[in-house]
Amino acid sequence: MKKILTAFALLVAACVPSFSAETAKPNVILIISDDHGFNDYGFMGHEIVKSPHLDRMAAESLLYTRGYVMPVCSPTLACLLTGKMPSANGITGNDLSNGRSKPGQREALREQLLGNSLTLPKAVTEAGYLTFQTGKIWNGTYQQMGFTHGMTNTPGRHGDAGLDIGRKGMKPIFDFIDTAKAEKKPFFIWHAPFLPHTPHNPSPERLAKYKGKGPTKEAELYHAMVDWLDETTGEMDAYLEKNGLKENTVILYLADNGWDAAYAQKRDRAKLSPYELGIRTPMFVRWPAKVEPARDDETLAHVIDFAPTILAITGAKQPGDLPGLNLTDRAAMKARKSVFVEAYTHDIADLADPAKSRIADVVIDGWWKLIVPGAAKPDRSFSGAPATTVLYDLKSDPLEKTDVSKEHLEEVARLKALLAGTRK
């Protein structure tokens, strides 16, 4: 019997590819688009926007069309970096309330951010990965955030030199991938291009695709910027395939917050607001031969799910206090019925007391959505929140045109109780 078992073990070993512990690990690319409306993709049903590369990638992925983020960029990125909500990680806005130019502001915000139990790139680096930062990364350099490589060398607001990615080509990413291949290391890429964010300055050739297709000139410019994002994303995906890396590379995608294509910042129900155009985004995970492609138009996904998902994929150490789920765990994802969003002023009133900056709390439970006003008032003209508690049925009213709170008082009470439970 012992000889039989030994022979069987040798046969099994012969069938298993001989990878080292490092090269066996999958590569991971996190793509974060910027100021991107949830419905402004071909795969989300838009009749004008062309996004063939993202459409194809979404079709190859586990896609959640009902994903939720915070309504402005820095808090959403902080959620990705820490795996926690703004009220827990402390980053509720883009700047401190007493001005962008205050000496030491970035240091204070960075200290707050890095004081959390997780800094995602640092954890992935410690798991044996080469890690690369591109695009937006607030308040610190790539080194301070725990990346081994990166483009942002100064701790500014958006990401300084990192914002060149996509707009000035994709070569830095390709060069980094080549470095990782040469060193036989798995890689993690934080790809947060300044697209389709303003300035909306597409090439004349891109804009020509959308000229006269409206509904406004602002929308035409923005649609061309989405086209630009899609094209550069496709270039990156083609590079993976050309270099034999597609099969062992996990791609995760979301947008950092929403946008109103037709009205840009002339209305107050998109960016910096708790409405769907401000906080909803499609989210997907593509992992060839590992995660079965599927489109899920019902399950609720959330920005805090990305950290535990990436930690699980990379084998990085998980702190025990992350509230999110693994996006690839279909049973757990489907079992969750509610997600929460916190909307804050653009500027942080008090780093030690997030409630002072909160303009609204949101709970989405199934197809019900409740928005409860907070203590603060919006501090930007394009930031909005309801004056009183409102309830929407997103199934029949996806863009929240009709408040039905008066007709469903029991639901309002139930959802308020859910929100209260998050504050304990």
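The values are calculated or read from the model by the stated rules, or taken from the named source; none is laboratory data. Owing to the predicted nature of the structure, the values given are computational and were not obtained by experimental measurement. Ideal geometry is used to build each Cβ from the backbone, glycine not excepted, and the neighbour counts take in all protein chains shown.
Numbers at a glance
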quantity: Subset of segment 88-117 (residues that are within 20 Å of Arg280 (Cβ to Cβ) and either surrounded by fewer than 18 Cβ atoms within 10 Å (Cβ to Cβ) or of a type in the set (Phe, Trp, Tyr) (or both)); calculated: none
quantity: Residue in segment 228-236 that is free of Cβ contacts under 8 Å to residues at least 40 places away in the same chain, out of contact with any Phe, Trp or Tyr (no Cβ under 6 Å at 6 or more places or on another chain), surrounded by fewer than 20 Cβ atoms within 10 Å (Cβ to Cβ) and not in a loop (DSSP other than H, G, I, E, B) present; calculated: no
quantity: Any pair with Cβ under 7 angstrom, 6 or more apart, that starts in segment 388-413 at a residue that is over 19 Å from Ser338 (Cβ atoms) and ends at one that is β-branched (Val, Ile, Thr) and at pLDDT 95 or above; calculated: Asp403/Val390
quantity: Subset of segment 247-264 [of a type outside the set (A, V, I, L, M, F, W, C) and under 21 Å from the mean Cα position of the chain (by Cα)]; calculated: Thr249, Tyr253, Asp256, Asn257, Gly258, Asp260
quantity: Those residues of segment 323-354 which are among the small types (Gly, Ala, Ser) and at pLDDT below 95, in sequence order; calculated: Ala349, Ala352
quantity: Filter result (surrounded by fewer than 16 Cβ atoms within 10 Å (Cβ to Cβ), within 17 Å of Val363 (Cβ to Cβ) and among the β-branched types (Val, Ile, Thr)) within segment 388-403; calculated: Thr388
quantity: In segment 246-271, residue surrounded by the fewest Cβ atoms within 10 Å (Cβ to Cβ) [restricted to those that are farther than 30 Å from Ile177 by Cβ and of a type in the set (A, V, I, L, M)]; calculated: Ala262
quantity: Residue match in segment 288-298 (condition: surrounded by fewer than 23 Cβ atoms within 10 Å (Cβ to Cβ), touching a Leu at 6+ places or on another chain (Cβ under 9 Å) and hydrophobic (A, V, I, L, M, F, W, C)); calculated: yes
quantity: Matching residues in segment 45-62 - criterion: being of a type outside the set (A, V, I, L, M, F, W, C) and part of a helix (DSSP H, G or I); calculated: Pro52, His53, Asp55, Arg56
quantity: Unique match (being of a type outside the set (Gly, Ala, Ser), in a loop (DSSP other than H, G, I, E, B) and at positive phi) among Lys213, Lys184; calculated: Lys184
quantity: Complete set of residues in segment 126-137 that are in contact (Cβ under 8 Å) with a residue 60 or more places away in the chain, surrounded by 22 or more Cβ atoms within 10 Å (Cβ to Cβ) and not basic (Lys, Arg); calculated: Tyr129, Gly135, Ile137
quantity: Residue in segment 387-406 that is under 25 Å from Leu322 (Cα atoms) and out of contact with any helix residue (DSSP H, G or I) (no Cβ under 8 Å at 6 or more places or on another chain) present; calculated: no
quantity: Selection count where residues are among the basic types (Lys, Arg) and under 16 Å from Gly90 (Cα atoms), scope segment 305-354; calculated: 0
quantity: The listed residue being hydrophobic (A, V, I, L, M, F, W, C) and surrounded by fewer than 15 Cβ atoms within 10 Å (Cβ to Cβ), out of Ala413, Ala376, Ala343; calculated: Ala413
quantity: Qualifying position, being more than 27 Å from Asn201 (Cα to Cα) and touching a Ser or Thr at 6+ places or on another chain (Cβ under 7 Å), among Ala127, Ala161, Ala108, Ala123; calculated: Ala127
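Residue-wise test of (1) touching a strand residue (DSSP E or B) at 6+ places or on another chain (Cβ under 6 Å); (2) closer than 22 Å to Ile304 by Cα; (3) buried (at least 24 other Cβ atoms within 10 Å of the Cβ).
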site	(1), (2), (3)
Thr119	no, yes, no
Val124	yes, yes, yes
Asn139	no, yes, yes
Gln143	no, no, no
His158	no, yes, no
